[in-house]
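Trainee: I have a structure here, written as structure tokens, and I will follow up with some questions on it.
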Amino acid sequence: MGIEDYGGGQGPQTDVLVVTTNDVPGYEIRQVIGEVFGLTVRSRHLGSQIGAGLKSMIGGELKGLTKTLVETRNQAMERLVEQAKARGANAVLMFRFDVSEAADVGTEVCAYGTAAVIAPRA
């Protein structure tokens with residue numbers, strides 16, 4: 001698996017900066033817009049379930065499930081950024097993921113944070 005298969009996050013060029021911190025060094029918060037989130041629910045397909053079941057018997061990483069979770073998180077994050085842009089933000093502060101089971105049929109991934117307008121300190 002390549003790095004793009006098991007890693008995620010923003011690329012170097014983006015209109016909305018997403019950070020896990022409460023603020024951004026060198027910037028001031030001009031406006032807090034409010035909570036934004038991106039949500040997706042993915043079902044597991046039979047092939048990955050069987051493979052994961054067999055792999056869990058002998059141990060080791062479940063690479064297919066890892067790749068699916070990375071794709072799912074990246075999709076949730078993209079939706080979060082789109083919502084922030086639509087509301088006029090150029091930053092999302094206090095970014096987090098929440099992952100849970102969705103009615104025993106899939107995995108729900110929610111990316112959330114606080115949309116804000118930031119500007120470099122004068």
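The values are calculated or read from the model by the stated rules, or taken from the named source; none is laboratory data. Computed from a predicted model, the values in this text were never measured in an experiment. Every residue, glycine as well, gets a Cβ built from its backbone with ideal geometry; the counts of neighbours run over all protein chains shown. Note: accessible area is taken over every heavy atom of the protein model, side chains too, but ligands, DNA and RNA are not part of it. Shrake-Rupley method; radii C 1.70, N 1.55, O 1.52, S 1.80 Å.
Each row is one residue, and each column tells you yes or no for (1) modelled with pLDDT of 95 or more; (2) under 24 Å from Val117 (Cα atoms); (3) touching a Leu at 6+ places or on another chain (Cβ under 6 Å); (4) of a type in the set (D, E, K, R).
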{"residue": "Tyr27", "(1), (2), (3), (4)": "yes, yes, no, no"}
{"residue": "Leu46", "(1), (2), (3), (4)": "no, no, no, no"}
{"residue": "Leu65", "(1), (2), (3), (4)": "no, no, no, no"}
{"residue": "Asn74", "(1), (2), (3), (4)": "no, yes, no, no"}
{"residue": "Arg87", "(1), (2), (3), (4)": "yes, yes, no, yes"}
{"residue": "Val92", "(1), (2), (3), (4)": "yes, yes, no, no"}
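Trainee: Provide a single number: the residues in the range 71-122 that are more than 16 Å from the chain's Cα centre (by Cα) and in contact (Cβ under 8 Å) with a residue 24 or more places away in the chain.
Mentor: Residues meeting the conditions: 13.
Trainee: If you don't mind, there's one more thing I want to ask. Exactly one condition in (1) in a helix (DSSP H, G or I); (2) at pLDDT below 90 is false for Gln13; which is it?
Mentor: All conditions pass for Gln13, except number (1).
Trainee: Given the criteria modelled with pLDDT under 95, surrounded by 11 or more Cβ atoms within 10 Å (Cβ to Cβ) and not aromatic (Phe, Trp, Tyr), does Lys55 qualify?
Mentor: Values: modelled with pLDDT under 95: yes; surrounded by 11 or more Cβ atoms within 10 Å (Cβ to Cβ): yes; not aromatic (Phe, Trp, Tyr): yes.
For Lys55, the condition - modelled with pLDDT under 95, surrounded by 11 or more Cβ atoms within 10 Å (Cβ to Cβ) and not aromatic (Phe, Trp, Tyr) - is met.
Trainee: Then there is this: Is there a residue being in contact with a strand residue (DSSP E or B) (Cβ under 8 Å, 6 or more places away or on another chain) and within 14 Å of Gln10 (Cα to Cα) anywhere in the range 99-109?
Mentor: no
Trainee: Filter the range 96-116 down to the residues that are within 16 Å of Val16 (Cβ to Cβ) and open to solvent by 20 Å² or more (accessible area, probe 1.4 Å) and list them by number.
Mentor: Arg96, Tyr112, Thr114, listed by residue number.
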